[in-house]
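Here's the structure we're looking at; comments come further down.
The values are calculated or read from the model by the stated rules, or taken from the named source; none is laboratory data. Predicted model, so just to flag it, every value in this text is computed and none were measured. Here the Cβ positions follow ideal geometry from the backbone for every residue, glycine too, while neighbour counts run over all protein chains shown.
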Amino acid sequence: MTFSVSTQESFGRVLSYGLRSTASNILAAGSLAELKADEAILKSDAFKRIMLTVSGMNFRIIFIVHYKNNDQMVGLVKQSSQDNSQVTSNNQNYETVDAFFLEMGNRFCGEAKRLCHEAFDCLGMSTPYVLSQMTAMSDMHSKNLKSSHHVQFCDQGKALIAGSIYVYSDTDLVLDLPETTFSEQEGVGELEFF
């Protein structure tokens, strides 16, 4: 059993919109191109990965945020945070990027949960977790995998950040989020207290 094309496309839109909106402060709309990606590109060791989960009663959605932790990304993150402090070491810079993406991952997961809540009740979400370099993308495949989608944001042909969504379920799910859902969301925010 697989999901309908409409449902699969809706999950793909949740991924694209959520990633674009939560990373907007480093992904300047004019400079980065959004492209579909495949797992072969995302298997690269050059990417670090954060895993996030949104779960319902009969399903689990796993999001993977892939990002480059290199000098270019350090510059983008520091520029977006207006951090002009002196850098003491490369390790400190790379830890700053990891911390930025963990926080961004939290916002991303909350945005995805909010969008999916329109179709599903009783949703929970996980805390973002940086995956080990040993975690293989093939580990994401199981018999209950019903849908997957990948997107990347590129600058001058090189991927800087990407996202993957994997939807697992024992039952058929229907998620119908037309394009207008996302255009109506522009500028809408939500404050969540923990």
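Please count how many residues of segment 108-118 are part of a helix (DSSP H, G or I) and either surrounded by fewer than 16 Cβ atoms within 10 Å (Cβ to Cβ) or among the hydroxyl-bearing types (Ser, Thr, Tyr) (or both). Please lay out each step first, then the result.
Taking segment 108-118 as the starting set, the residues that turn out to be part of a helix (DSSP H, G or I) are 108-117.
Subset that is either surrounded by fewer than 16 Cβ atoms within 10 Å (Cβ to Cβ) or among the hydroxyl-bearing types (Ser, Thr, Tyr) (or both): 117.
Total satisfying the criteria: 1.
Can you tell me which residue among Ile41, Ile50, Ile64 is assigned to a helix (DSSP H, G or I) and either under 28 Å from Asp139 (Cα atoms) or modelled with pLDDT under 75 (or both)? Reasoning before the result, please.
Working: Ile50 fails: assigned to a helix (DSSP H, G or I); Ile64 fails: assigned to a helix (DSSP H, G or I).
One residue alone meets the criteria, Ile41.
Give all pairs with beta carbons closer than 6 Å in which a residue from segment 119-145 that is within 20 Å of Gln8 (Cβ to Cβ) and surrounded by 16 or more Cβ atoms within 10 Å (Cβ to Cβ) meets a residue that is among the hydroxyl-bearing types (Ser, Thr, Tyr) and at pLDDT 85 or above; count only pairs at least 6 apart in sequence or on separate chains.
Going by the 6 Å Cβ cut-off, the qualifying pairs are Met140/Tyr166.
So for segment 157-171 (the condition being in contact with a strand residue (DSSP E or B) (Cβ under 6 Å, 6 or more places away or on another chain), modelled with pLDDT under 85 and of a type in the set (A, V, I, L, M, F, W, C)), does at least one residue qualify? Even if it seems obvious, please write down each step before you answer.
In the first step, residues of segment 157-171 are kept if they are in contact with a strand residue (DSSP E or B) (Cβ under 6 Å, 6 or more places away or on another chain); the result is 159-169.
Within this subset, residues satisfying the condition of being modelled with pLDDT under 85 are 159-160.
Then keep just the ones that are of a type in the set (A, V, I, L, M, F, W, C); that gives 159-160.
Looking through segment 157-171, at least one residue is in contact with a strand residue (DSSP E or B) (Cβ under 6 Å, 6 or more places away or on another chain), modelled with pLDDT under 85 and of a type in the set (A, V, I, L, M, F, W, C).
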